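Reading through the structure tokens given below for one structure.
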Amino acid sequence: GENVEQHPSTLSVQEGDSAVIKCTYSDSASNYFPWYKQELGKRPQLIIDIRSNVGEKKDQRIAVTLNKTAKHFSLHITETQPEDSAVYFCAASIRRAGFQKLVFGTGTRLLVSP
Amino acid sequence: EAGVTQFPSHSVIEKGQTVTLRCDPISGHDNLYWYRRVMGKEIKFLLHFVKESKQDESGMPNNRFLAERTGGTYSTLKVQPAELEDSGVYFCASSLQGYTEAFFGQGTRLTVV
């Protein structure tokens with residue numbers, strides 16, 4: 001079945017530095033890759049996603065890149081701020097009409113120190 | 001617009017007891033998903049409803065878990081009898097279509113002692 005590996009499990013950076021989280025997936029049929037951010041005590045929230053027909057997507061300080069050949073995708077956060085501290089989950093999904101099943105990575109705890 | 005709501009937020013029960021978790025999806029969302037995160041591990045898919053029908057229940061761990069969505073609105077997930085390894089955070093999510101963004105609830109933290 002589908003498997004998603006995520007690294008690192010924890011990441012500590014200084015405010016203003018960049019942070020990169022990497023994920024690999026196993027099912028070549030996966031076509032949708034969302035990233036969720038879960039702050040302490042809150043619900044996971046979608047922060048950015050990418051579909052398999054795109055190699056890169058950017059939204060202000062966050063960007064996601066996808067390498068379909070290598071089956072890996074990465075989250076890049078630039079100019080990190082303390083409020084970026086959270087657990088980040090990558091996921092891969094095969095999406096077709098009426099069907100969606102997210103397979104998540106194990107999460108990365110990001111700590112941004114002032 | 002109200003988000004996905006889950007009840008209770010926390011539950012502590014003894015091994016062998018029964019617990020029922022509830023999820024109210026966003027109004028109008030036909031797709032409802034249950035996920036579980038055991039301490040420090042990935043968020044794992046349990047099952048997917050489309051309206052009141054189970055579209056995919058391949059992630060349900062065993063027959064001690066029973067999910068229902070009568071009437072296609074809210075859903076319940078019952079664990080009977082609960083075991084220690086059932087402890088974790090149970091998330092519910094909903095989406096308008098099967099291929100649109102899934103919105104998550106805050107989760108129910110279940111502790112079996």
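The values are calculated or read from the model by the stated rules, or taken from the named source; none is laboratory data. Here the structure is a predicted model, which means the values were calculated and not measured. Every residue, glycine among them, receives a Cβ derived from its backbone with ideal geometry; neighbour counts consider all protein chains shown. Side chains included, ligands, DNA and RNA excluded: accessible areas come from the protein's heavy atoms. Shrake-Rupley method; radii C 1.70, N 1.55, O 1.52, S 1.80 Å.
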Quiz item: Going through region B:5-61 one residue at a time, which ones are on the phi > 0 side of the Ramachandran plot and at pLDDT below 95?
Solution: B:GLY28, B:GLY40, B:LYS51
Practice problem: Note down all Cβ pairs under 9 Å where the first residue falls in region B:24-41 and is surrounded by fewer than 22 Cβ atoms within 10 Å (Cβ to Cβ), the second is among the basic types (Lys, Arg) and part of a loop (DSSP other than H, G, I, E, B), and they're at least six residues apart or on different chains. | Solution: B:ASP30/B:LYS51
Quiz item: Got a sec? Which of B:PHE45, B:PHE104, B:PHE49 is within 10 Å of the chain's Cα centre (by Cα) and either among the acidic types (Asp, Glu) or surrounded by 21 or more Cβ atoms within 10 Å (Cβ to Cβ) (or both)?
Solution: B:PHE45
Exercise. Among the residues of region B:1-54, write down those that are small (Gly, Ala, Ser), more than 9 Å from every other protein chain (Cβ to nearest Cβ) and farther than 19 Å from B:THR100 by Cα.
Key: B:SER9, B:SER11, B:GLY16
Self-check item: Unmet requirement for B:ASP86, which otherwise passes all of (1) surrounded by fewer than 19 Cβ atoms within 10 Å (Cβ to Cβ); (2) in contact with a Pro (Cβ under 9 Å, 6 or more places away or on another chain); (3) over 24 Å from B:ALA2 (Cα atoms)
Solution: (1)
Exercise. Could you please find all residues in region B:77-101 being hydrophobic (A, V, I, L, M, F, W, C) and within 13 Å of B:SER27 (Cα to Cα)?
Key: B:ALA93, B:LEU96
Practice problem: Could you run through region A:60-81 and say how many residues are open to solvent by 50 Å² or more (accessible area, probe 1.4 Å) and under 28 Å from A:SER113 (Cβ atoms)? | Solution: 7
